[in-house]
Each structure stands twice: as C-alpha cells, then as structure tokens.
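First up is the structure itself, then whatever we jot down about it.
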Amino acid sequence: MTEIETTEVVVVGAGPTGLMLAYELALAGVETLVLEKLSRRVEQVKGGGIQPRTAELLESRGLLEPLLRRAAPREPAGGHFAALPVPLDCTPWETRHPFPIAIPQGEVEKVFEERATAAGARVLREAEVSEVEPDDDGVAVRARGHRVRARYLVACDGGHSTVRKLLGLPFPGRPGTHQAVLAGVRLSSVSSLVPREIGHMSTLLRRAGGHWAMLVPQGGDRYGLTFGRADTAPTEDPGTVSRQEITTALQAFYGDETVLDAVENASRFSDATRQLDHYRAGRVLFAGDAAHIHPPLGGQGINLGIQDAFNLGWKLAATLQGRAPDGLLDSYHAERHPAAARVLHHTSAQRVLADPNPDEDVRALRDIFTDLLRLPDTNRHLAGLMSGLSLRYPLPGGHPLTGQRVPDADLVTDAGPTRLSALSRAGHALLLDLAGAVPAGLPLLARVDLVRATCTADPGAAVLLIRPDGYVCWAADASAPVDGGVLRAAIAAHLSTAGPAT
C-alpha cells in the first residue's frame, strides 16, 4: 500500500498562481507541497503581461528585479483598453511602475519556483490529481501513485480545473463565442511588417477581412503569435494547431518574407467568461483560472491569479498557525470574488469594442470611446481598472485610506533611507508610524513589524497598519491620539490574535 504523506497545504498546479501561493505560504513557515501533472515546465508565451499593481506586489517580495532581467524589450507605452489607440496613463496613481512589463509566463514560473523551493516549499511533477476527498479536518489527495493528507488544498490548476470537476462544482458563466490560436514561434526571416519591439497594443494588432493577428517580439528570433477571426466558434475537440495553419496566418498578415523556423508551443483559447460562485468549499479553496476565466484582453488573467495568491497566502497561514481573527479565511472570497467579477465585466465590454470585424454600430462605439479615453478623468479611471491600482477592498473603518493600496513611498528610518517595498520582504504586516505617535514599548502581535519613519510625501495619515498584501486595514491621523489599546484591537481584528512576537 502506498504510504500516506502529510503536509499542511497541498497546492494543485505549478503555474504562476500556484507557485506564488507556495512562496507566500513557505515564507510564513507553512509546510507546502505543489502537485503538478506535467513532467516539466512548458515555455509558454502566454500570460506574460505584468500589470503595474502586480509589479508593486512582486517588488514588495523582492521578486520583480529577477523578472525584469528576463523581460522582453518594450517601448515605455501605457496599457490599453480594448486595443483602442490611446495609451492608459497610470502616473496619476503614484506608481513606480506605470507601464506593463512583458515577461513570458515560463520565465515567471522559473523565478517563482526558485524562490518557493528556496523558502521550503516542494514541487512534485508528474503528479496528476485523480482523487480529492475533503472532510471536516482536511483533504485526502491521490495523485499518480502518491497519497497525501493535508489540512487544506488550494486548486490553482487552471480553467479546466481537475479539482473543481472532481468536487462536482459548477462553473457558471458564458461559453466562448469564438476561438483563437496562441503560439510561441521562431522566425528565420521577417518582413518590414514585423514589429522589432513591443509597443502599444494598438500598434501590434493587424486586421484584414474579419481576421486578426498580433506578433509580439520576445527577444532574438522568438515571437508570440496570436491570431483568429470572430466567426470561428469553439468546438468540443478543437484539435492541435498545425504548422501549416501558423504559416498561413504569418504570411497573410506579415508577407512571404516572414518565414517560420520552428513552433515551440501552440494552443487554442476562447473568450469564455466564467466564475465560481464560491472560492471556498470547506477545506478546499480556489485561485487563479480555476476560480475565474475571461476574454484575454490586457493580460488580466496572470495578474488576477498572482493577486489572489497574495491575498490568500497570509490569511491561510494565519489560519493554520492559530492566529487568524474570526472570518479571516472567508474574507479571501469576500474580497477576491468581486475583484475578479469586475475584470470579467470590463473584459466582456472590451470583447465587443475589440471585435476584429466590427459592424457600423461597433465602429461608431469605438470612435466615441476613443474620444472618451483622451479625457484625463476617463483615462485615469480605466488605467486604474486595467492596472489594478484602483482596487480597494471593502474593509471596515472610517479612515479614507482603509482598504486602499499604499504607494511605494521613500522613507527615512533610524537605519537610513529606504522604501516601503523594502520593508515587506518577509511578508509581515507593517505598523508604519510616520509621526512618532505609537506609544513606546507597545507589545506587538505575531508577524507585525513596527517601523518608525519619516516621509517627504504626504502619506495621508500619521499611522498606517498595512496588511502583508499591501492594503491599509487601519489608519489614524496626527490630530487624533493613538491609543495602544486601540492599536492592539485593530491588529487583533484584522491580522493576528497570537501573542507578542518574540
């Protein structure tokens, strides 16, 4: 009989979401096992657009710099909404990363896996899950010769989630209406129509006769090729993508001088829109594409998944370690389900505007929407939406900053100049005292760091209690006295009920 292995958390799926979650859990000291059905990482070109808010979060864990070294060359151009020809301007949102970053998904996974395993997580490949049996105390998992018992399981196994299907959970929403191809290719020669570097989406997209295509440079002779047409409906068995199919699309849009050398990977995708009703089913939780799928406009999928992981990781760790306030783990669904619903909503709108074969009404709508995007207030709103910078969680508390992200401010502490992002490497919460208002000798609870600093910019508050995922859960102004009892109560309500950190 196969021996039963035990662990605290099983993460199913070694994509960006699963590996990011594994790192967050391992960073908090949680024993984590990642089960991946594939024998090796697929060097995919998909899902490689890191949006500004995700870049901020990654920088807070020291993960952005190694990713930037692997990024594809890119013009400093803003993001897009429905591929309309007006760049989105993120500078009003006070971010150090106002432009999307182009990084192939395989490179993202490499960095995340290296950090996760270095922190203590384990990744087991060729371990396709075949049984999931949750009970009141944990989850039993069978995966190709392995039997594992965990206290919790998190399904990060994609839009066709095996875990979701094994549990018989419905995935409500709208089926896809058209199908397209995404391929990683190498080109032996290129015409003048092939872009030399990544620019704004509107400059990369080509349309002709109801068809559309986009070539994205990945460095050297490597490109990401996406193509399709609006009237190609998804089928039950779409079949493999042939070399001839890719060659035909390349030459139709980029001329006979553009010659295919090799196809590294290719797959089909649709514009289906679906979302789980609940991200938690007892001891099983869902994140990333296993919880939500949508039309792939603006690179939203990988960003949603990584942000799911940041939100869930510290909450699940606190729950496992017996220091979570009541309802903390359930707040994962309460916060992230509306965040994804918002993305499903605006990608559905973009799907209409980006129709490659628009009728007269859609063309008129595109013209009007393009004019609206040139208005600063409209551009700011949609830039915040697409980048994730405007996301605000509905946390209790009367301060205007409650629930908002905190920009990466320059600070000066007793140890010298620093930045807010540099204080978050350990994944702890921060009690940031910017006015000397926190009483001396205040005993803090577990995994909460007190930092006394000054800030040249106006932070909007004298004291900020910042969650491990970078959102304010409590704040106080300089005009109001900061009482130690109130502070401890805020920490216990939002972050940790454990005793003082040692």
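Structural remarks
- Farthest toward positive dipole pole in the chain [+1 Lys/Arg, -1 Asp/Glu at C-beta], among A498, H211, G168: A498
- Between 0 and 90°, nearest 10: helix 300-320 axis offset from the chain longest Cα axis: 30
- As a proxy for reagent exposure, ranking C90, C473 by other Cβ atoms within 10 Å from fewest up yields C473, C90.
- Selection from A409, M201, Y152 lying farthest towards where the dipole of the chain points positive, charges on Cβ: Y152
- In terms of other Cβ atoms within 10 Å, E109, E257, E56 run from fewest to most in the order E257, E109, E56.
- A convex hull fitted to the Cα coordinates of the range 410-494 yields 93 cubic angstrom per residue.
- Each Cα pair under 8 Å and six or more residues apart adds its separation to the average, and for the range 410-494 the resulting relative contact order is 30 percent.
- Label-to-label distance for H278 and L442 is 3.7 nm, based on points extended 7 Å past Cα in the beta-carbon direction.
- Charge dipole of the range 1-153 about the Cα centre (unit charges at C-beta), most positive-ward option of G138, P100, T32: P100
- When +1 charges are put on Lys and Arg Cβ atoms and -1 charges on Asp and Glu Cβ atoms, the dipole computed for the chain relative to its Cα centre reaches about 300 debye.
- Report note on the peptides 281-288, 353-360, 21-28: ranked by the mean count of other C-beta atoms within 10 Å, highest first, their order is 21-28, 281-288, 353-360.
- Computed E for T117/R149 - FRET, C-beta separation, R0 22 angstrom, nearest 0.05: 0.55
- For the chain, the gyration tensor built on C-alpha atoms gives an oblate shape. Its axis ratio a/c (a ≥ b ≥ c) is at least 1.5, and a/b is not larger than b/c.
- Computed E for R243/E126 - FRET, C-beta separation, R0 30 angstrom, nearest 0.05: 0.60
- Legend: calculated FRET efficiency, R392 to V42, from the Cβ-Cβ distance at R0 = 30 Å, rounded to 0.05, equals 0.25.
- Residue-averaged [θ]222 nm for the chain, counting only DSSP H segments that reach four residues, each worth -39500 (n - 2.57): -9000 deg cm²/dmol
- Dipole check for the range 341-463: with +1 at the C-beta of Lys and Arg, -1 at the C-beta of Asp and Glu, and the Cα centre as origin, the magnitude is about 380 Debye.
- The range 92-194: trypsin sites (Lys or Arg not before Pro) in DSSP loop, at most 15 other beta carbons within 10 Å: R96, R125, R144
- The lysine pair tally for the chain, using Cα distances under 23 Å and a gap of 8 or more places or different chains, is 4.
- Separation of the range 270-326 from the range 68-89 is 26 Å, based on Cα centroids.
- Kirkwood Rh (inverse of mean 1/r, distinct Cα pairs), the range 177-270, angstrom: 13.5
None of the figures in this text is laboratory data; all of them are computed from the coordinates on show. A quick note: this is a predicted structure, and the numbers were derived from the prediction, not measured. All Cβ positions, even for glycine, are placed from backbone atoms using ideal geometry, and neighbour counts span all protein chains on display.
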